[in-house]
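As structure tokens, the structure follows; a few thoughts come after it.
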Amino acid sequence: MKTGKKLALYFAAALVVTGAAFAASLAVGRYPIDWTRLAADGMDRRVFFTLRLPRTCMALLAGFALGIAGGVYQTVFQNPLAAPDIIGVSSGASAGAAAAILFFGGGVTLTALLAFAGGMTAVLAVLALAGFVRQRGVTGIVLAGIAVNALTQSMLMLMKLTADPEKQLAAIEFWTMGSFADVTMQKLWGVLPLVAAGLLCLFLLHRQIILLGLGEEDARMLGVPVGAMRCAVLLLATLVTGSVVSMTGLISFIGLLAPHIARLLTRSSRFSTTVLAGLAGGALLLVADVLARSIGSSEVPVSIVTSLLGVPFLLRLMWGERNG
Amino acid sequence: MDELLRVESLCAGYGQRRVLRDVSFSVRRGELCALLGANGSGKSTLLRALCGLTDAPEGCMLLEAESLRDMSCRRRAQRIGYLAQRSTCELALSVMDVVLMGCNPALGPFQKPGPEDRRRAMALLAELGDAAWAEAGYLSLSEGQRQLVLFARTLVRRSPLLLLDEPDSALDYERRHRLLRWLKAYAQREEAGVLLSSHDANIALRYADRLLLLRDGRLVGQVHMARATAGSLEEALTKIYGPVEVLRHGRHFLMTRGDAE
């Protein structure tokens, strides 16, 4: 089959799966919705519009954003294991959220704001540090990332140590496992502009991102101002990731897994693969969230499910790769 | 007069280690210059210094009277087509995608290559290798075929100066000659200056307009092929390769190992 046709097929399939997962996520929940009464102003309508719909949209948005950002990180770092953790987004956001819970009572808005600020600060610190060290290029950023990560982790541990174990510690732990339980329409509208703007810029820069994936010297001799462009792309990917996790808490594995799924399917490094990774991420996270709220008697944090769901899927694809 | 590149008293190296010392030469429009020298003599370092990839703390490098040092990375990429000795391209892209990357310096960061770029890329592929490669995966090609594709990527933007680091190293006998013949015609047609390094002295003797001979980071000789004799070539090449003999064969010269030992 021709590559173009195959790609169209993958996209069609991804859209169908994502659409099905979206519908399932709207339909499944603790409160059974009677669809015939949706138009009337009643309990069903309120549950649908204030709980089910924003939650589902957020899961889709988060999965899509994390999948794309993950693909971008992997391309720019020329490393299939690169993930938001590598440049400190996750640990910075966790430290920010922990600080909000510990010192400011853990209000929803404030936790989100501090988590976002924490993630961005950590990444800015990494990029600034990488500018000063002698080791240039990607290696410098990775080393700076290790240093900043270690620092933020120790700050986080210190905060956990002083936290009240009954409430605060539990809240911090719960935050780092991610959940869509508290998503509201307001939260969704809060992050949507940031995520959309970040993704739009990444889409527009897609050729430059691929060129960065060639490595420092090749990219430079093809006219890419490597230092500045790499910073810009990493900050955009961080903006997208940071916005999402500030609302949901840490969501593990999607950013790493979705690009691999897309790449194993298309076997191509073109940017369309990264877009497919976004759809894969959206579908995975929707399914994970449906499971998170239906497998137990109470809600399970979503990160537990993403890993449980993602690992077999990845193994299956790797198995196919070996025999294909 | 129609001088394209002028290099004066250039010193370059990696950190504290000086590889290139006090190198001066120039390249004219339409001229194909071959850089010859043993391993570690500074061929690659010279090309990399001109591209700004290796530190060159002393000396001046002027391209049409504009200092290469002061150029922005984009401007430099527009003016110089550089083919590295090894490419790190490990991305699963089509050959066409790879060649079109060469158009990037002329495009804005959000812009994509247009139909004219595609047409030129296709024509280059057809002339240098095979038009049927365009849709093939770059990683599915052989080492030599990849080298030709990267060569096409270097040429697609028609920069006035080409710096080619062993562009023929992975090519078979026939392709090597075809490439050099094509390159020589291209340089004359487009009035581009070409500076290429090679370990194949016979290729250089046959196609170059001028030889630049490097030993231990110094320029130890220059030979204009139009004025060369077997004797002068033998003397010059012995400085870099040790005892060699140069024979005349029709209009061309051939180098072979001397039997001094």
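Throughout, read-outs are computed from the coordinates displayed, never taken from laboratory work. Computed from a predicted structure; not experimentally measured. Please note: Cβ atoms are built from the backbone with ideal geometry, for glycine as well, and neighbour counts cover all protein chains shown.
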I need the P(r) histogram for the range B:169-261: all alpha carbon pairs, bin width 5 Å from 0 out to the longest distance, whole percents. 2, 12, 23, 24, 20, 14, 4, 1, 0, 0
Computed over the Cα atoms, what is the radius of gyration of chain B divided by 2.2 N^0.38 Å, N being its residue count? 1.01
What does the net charge come to around B:L36 if you take all other residues with beta carbon closer than 12 Å to its beta carbon, with K and R at +1 and D and E at -1? +2
Of the listed pairs A:K167/A:K187; A:K5/B:K184; A:K160/A:K187; A:K5/B:K112, those with alpha carbons more than 30 Å apart are A:K5/B:K184
Could you tell me the largest-minus-smallest coordinate of the C-alpha atoms of the protein assembly as shown on each of the three principal axes, in descending order and whole angstroms? 100, 53, 45
Cβ neighbours within 10 Å from other chains - mean over B:43-55: 1
Please report, in Å, the Rg and the Dmax of the range A:1-113, where both are computed over Cα atoms only. 19.7, 59
Only Cα pairs under 8 Å and at least 6 apart count here; give the relative contact order of chain A as a rounded whole percent. 29
What are the extents of the Cα atoms of the range A:146-222 along their three principal axes, in Å, largest first? 57, 37, 14
Which of the aspartates and glutamates could a cross-linker bridge to B:K239, judged by Cα under 20 Å and excluding same-chain residues fewer than eight apart? B:D22, B:D200, B:D209, B:D216, B:D259, B:E261
Over the Cα atoms of the range A:3-323, how large are the radius of gyration and the largest Cα-Cα distance (Dmax), in Å? 19.8, 66
Residues whose built amide H sits under 5 Å from the amide H of B:G221, excluding neighbours closer than 5 in sequence, are B:L213
